[in-house]
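Please treat every number below as a calculation from the coordinates, not as lab data. If you're wondering where the values come from, they're calculated on a predicted model, not measured in any experiment. Neighbour counts are summed over all protein chains in view; Cβ atoms, including those assigned to glycine, are modelled from backbone coordinates with ideal geometry.
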Protein chains: 2
Amino acid sequence: MSDPKLPPKDVEKYASEFLASNLKWAQRMNQAFPQYFPNSSAKQEPKILWVGCSDSRVQESDATTSLPGNVFVHRNIANQFHLDDDNALSVLAYALAELGAQHVVIVGHRHCGGAISAMNEAARAPEPGKAKLQLTPSYSPLGRNVLHSSHITDKQDETPRDPKEALSRWLVPLVGHIRQLALPKQEEVALDVIIEENVKVQVNNLTKLDSFIKKSAKARPVWVHGWVYDFSTGFVKDLEITQVLG
Amino acid sequence: MSDPKLPPKDVEKYASEFLASNLKWAQRMNQAFPQYFPNSSAKQEPKILWVGCSDSRVQESDATTSLPGNVFVHRNIANQFHLDDDNALSVLAYALAELGAQHVVIVGHRHCGGAISAMNEAARAPEPGKAKLQLTPSYSPLGRNVLHSSHITDKQDETPRDPKEALSRWLVPLVGHIRQLALPKQEEVALDVIIEENVKVQVNNLTKLDSFIKKSAKARPVWVHGWVYDFSTGFVKDLEITQVLG
């Protein structure tokens with residue numbers, strides 16, 4: 001890859017540079033190591049579901065030296081697993097019920113920007129009016145499901161939600177949790193505590209899905225782990241909070 | 001990594017095998033190539049936001065030969081970008097407004113299990129009663145936002161949604177779109193069409209966020225691309241449907 005700090009005039013080419021890199025890589029791999037690529041007629045059998053952060057410095061295939069087919073992946077801001085989030089829940093359903101995965105790993109990481117945002121927000125005095133606004137999408141006081149069920153339509157709402165408001169809402173549970181913590185004064189130490197606490201909360205969220213896991217895992221146990229990755233060293237830390245469900 | 005088809009008794013060890021692989025890799029890299037790891041005091045400056053599928057056979061860092069710091073990532077079932085999904089919207093907001101990314105790539109892939117599920121569902125006759133059930137979380141006819149705004153609480157709902165119902169709801173927009181398509185009879189060809197159409201729909205969804213993009217990108221353009229990856233060959237196909245927003 002070229003230098004990440006290119007002059008602005010080259011920004012337009014970023015995507016085509018990735019395409020050019022892909023072409024070279026795929027050609028080389030097909031010559032040197034074609035068996036690297038999974039057979040399209042075989043079913044995937046991932047060993048773990050990785051629920052991690054979107055952060056560009058956390059590459060799960062690096063951190064686990066994993067081959068294609070090993071790790072099923074969901075990545076979002078600050079590795080959240082909200083129990084009312086169809087996006088993450090559907091990934092879990094697919095991994096466990098369709099593919100038979102038996103390990104779920106919540107992976108936080110040090111220096112997480114989402115956790116920093118939540119820490120800063122938690123440091124402000126809570127404003128009930130503002131919180132209410134954040135929790136309610138701006139286009140409607142009722143939100144997605146009411147619109148759907150009243151219209152009985154397969155179409156999505158035409159008016160999109162505001163992405164910045166979505167980000168605020170997304171971090172609300174984490175902000176709330178941070179406000180309950182007795183944190184060390186030094187900011188970097190406090191951030192590490194928040195990052196580990198955040199992983200624990202998501203692992204705990206998954207334990208509330210025990211009855212679903214019992215049904216879908218068909219008498220096989222499912223292990224839920226909490227890890228923290230440090231992208232500046234490459235090491236994964238196991239928080240040793242593994243829960244056995246199912 | 002060890003053989004993916006281990007006898008069942010070894011399943012418990014899967015996660016610890018990943019941890020052991022990580023330890024070896026991180027030790028080796030710190031000795032041989034420590035500059036591989038990003039400096040924790042520098043801000044990430046990803047060049048692209050990759051919105052792709054959770055499929056374990058699609059490793060975006062492989063496909064783009066990318067280094068840590070290059071690609072901000074959101075992965076979910078069948079690479080969807082729903083305009084009422086706080087999870088994906090918050091990733092977009094973070095990538096564009098906080099990190100200044102100017103390329104968003106929706107990446108479908110051939111042999112997508114989520115697309116196959118949607119294709120099979122679309123082949124069934126629509127049942128309005130069933131669709132209504134799918135669109136409404138089982139614990140409440142009103143859903144998340146109403147509960148939140150009426151209680152004005154920072155806590156999440158205690159009763160989790162059913163993950164399998166979440167998966168059905170997640171695929172409803174795609175199922176609806178497939179029903180509108182005139183598809184070739186041969187199933188594998190039809191699936192390829194669906195996968196490309198699905199990418200086009202998500203790119204089109206992003207164009208509806210033009211006013212947000214204008215605000216957050218501060219007069220810089222944002223390019224939205226549609227690609228399809230073939231994990232059995234490693235090649236990315238550019239659908240050449242790039243939109244310039246902002």
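Laid out as a table, the results:
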| quantity | calculated |
| --- | --- |
| At most 12 other Cβ within 10 Å, DSSP loop - trypsin sites (Lys or Arg not before Pro), the stretch B:37-89 | B:43 |
| Pseudo-label separations to other copies for residue A:193 - Cα-to-Cβ vector, 7 Å, nm | 6.0 |
| Interchain or long-range residues, amide H under 5 Å from residue A:103's placed H | A:49, A:223 |
| Average partner coverage of A:188-198, which counts Cβ from other chains inside 10 Å | 0 |
| Mean Cα-pair separation over length for the stretch B:25-82, i.e. relative contact order, pairs under 8 Å, 6 or more apart, % | 40 |
| Residue-by-residue Karplus 3J(HN,Hα) for the stretch B:185-197, coefficients 6.51, -1.76, 1.60, Hz, glycine and proline x | 6, 5, 4, 5, 5, 4, 4, 4, 4, 4, 5, 6, 4 |
| For A:29, B:119, order by how many other beta-carbon atoms lie within 10 Å, fewest first | A:29, B:119 |
| Chain B residue with Cβ closest to the axis mapping B onto A, distance in whole Å | B:87, 2 |
| Which of B:241, B:106, A:178 has the fewest Cβ neighbours within 10 Å, and the rest in rising order | B:241, A:178, B:106 |
| Coil-residue GluC sites (Glu not before Pro) of the stretch B:164-246, DSSP, other Cβ within 10 Å capped at 14 | B:240 |
| For residue B:231, distant residues with modelled amide H under 5 Å away | B:110 |
| Violating pairs (Cα-Cα greater than 21 angstrom) within the set B:47/B:237; A:24/B:47; B:47/B:218; A:43/B:24; A:164/A:237; A:24/B:237 | A:43/B:24; A:164/A:237 |
| Karplus-derived 3J(HN,Hα), 6.51/-1.76/1.60, for each residue of the stretch A:86-92, Hz, glycine and proline x | 4, 4, 5, 4, 6, 5, 4 |
| Normalised contact order of the stretch A:1-123, rounded percent, pairs of Cα under 8 Å and 6 or more residues apart | 27 |
| In sequence order, calculated HN-Hα J values of the stretch B:60-77 (Karplus, 6.51, -1.76, 1.60; Hz; x Gly/Pro) | 5, 6, 5, 4, 10, 6, 9, 8, x, x, 8, 10, 7, 10, 10, 10, 9, 6 |
| Peptide A:36-49 - average C-beta neighbours from other chains (10 Å radius) | 5 |
| For residues of A:227-236, the mean tally of beta carbons on other chains within 10 Å | 6 |
| Simple label model, 7 Å out from Cα along Cβ direction - residue B:42 to residue A:10, nm | 1.4 |
| Proxy reagent accessibility, fewest Cβ within 10 Å first, across B:66, A:117, A:211, B:54 | A:211, A:117, B:66, B:54 |
| At R0 = 45 Å, FRET efficiency that the Cβ-Cβ distance of residue A:33 and residue A:241 yields, to 0.05 | 0.75 |
